[in-house]
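The values are calculated or read from the model by the stated rules, or taken from the named source; none is laboratory data. Since this is a predicted model, take the numbers as computed values, not measurements. Counting neighbours? That spans all protein chains shown, and the Cβs are built from the backbone with ideal geometry, glycine included.
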Amino acid sequence: MPLDTLTLLAVSGVIAVLCGLSFILNTAFSRNDAIGRMWSVGFIAAILGAFGLTVYAMSPSTWIALIIGNAALPIALGSMWSGARLFNGKSARFAVVGGVAALVALAVIVRGPDAGGWAGAVEFNLGVSAFALCAAVEMSSRRLKRNVNGRIASVVYWLVGGFYAARSLVLVIDGHDGAFFIDKFGSATVTFVNMLLMVTLSIALSTLRAERAGGAVGDFTDGIHSAAGVLSASSFTQAAADHLDRAEHAAVPLALIGADIDNLPEFNIAFGRAAGDQAIARFAATLRGTAPVMALIGHPAAGRFLILVEAASALDARAIAARLQIALVDTPLEEGEQIRFTASFSVAHTGDHGHDLDALTAAVSRAVEAVKSAGGNDIQVAAAAR
């Protein structure tokens, strides 16, 4: 027997409350960092959105509930995207989330109470889809793409983003009372998609937050150093920018070397996160023992490192990277073991890219990805900027 809209909304609301409260309480009683707070805002917005739409279904005269429900769900997905950006070391850009939510709310207000419960539905679906797809892209990049829970969340976001994009398109073409829309994109289907989203994300994001709070070697720390014993992302960025600024004024050539451990996600799956952390720590120790004494070594992501060194040319910097590569291959994971890691290296020289840290980092990242795509265990010098 098919369930009515009110019952489906109530079921969706209960799922949102249970999953949201679980994540929020875990965040409150463990490490209450910016990422956890941002994702908690997402779950709170999901609960508020489900509540608003349920109230409106029960009493259509409470038009304000429809406005709240429509605006809250894009905030929920947008907060997930903002939290993922923070996890990857980027700015949250939550102002974008607020702006889109305001536009969705405005779409309902402009149409007025007489438009009924489907007022602003197209804008609502597009807003949810846009943030879900943005979150999927973010979950597929940098640190998150190396984590199995990040990849799981990415798949869910792709599915949800695609569903809501298709729903908005069919809504425009077929209308909310069309047979195809009701059959394929009606309340029952939406409830299933939202349940999939909430349950999967509450588990995946809770695990991501817990792993980060656990202080694993591959995670950032709040101090000067990462858990691997080299400079954390923020510390390296500040120190490297200062070095580059001073070097530019003194006409001293520098080079940025990127190093990314090959096949780290597969190693984590095969041997566990603890073994992967051990590999990262051993690699960091190898860099510290092999890189020039005055080099800056940063740890921007789980298996990725940046080394800022003085080098007369890109060729000299490549020679330094070659020594690092040889030292890594010569160092087993543990004494007496045969497991040895390789890494993808890249070099960007100030003579080719200037003394700008963002430009050097972007060049190094592109070159590292090119090496990894070609099979890894090689060194590439980033092409000169045009």
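Annotations
- Among helices (runs of 4 or more DSSP H) entirely within segment 25-120, having at least 3 residues that are in contact with an Asp or Glu (Cβ under 7 Å, 6 or more places away or on another chain) singles out 63-87, 94-111.
- Filter pass, Glu266 being part of a helix (DSSP H, G or I), touching a helix residue (DSSP H, G or I) at 6+ places or on another chain (Cβ under 9 Å) and of a type in the set (Asp, Glu): no
- Check on Ile109, under 30 Å from Arg304 (Cα atoms) and in contact (Cβ under 8 Å) with a residue 12 or more places away in the chain: no
- Reported count of residues in segment 305-317, each being under 34 Å from the mean Cα position of the chain (by Cα) and either at pLDDT 95 or above or not in a helix (DSSP H, G or I) (or both), is 7.
- Contact map, segment 59-86: first residue within 25 Å of Ser202 (Cα to Cα), second residue outside any helix (DSSP H, G or I), Cβ cut-off under 6 Å, separation 6 or more or different chains; pairs are Asn70/Gly120; Ser82/Ala92; Arg85/Ala92; Leu86/Ala92.
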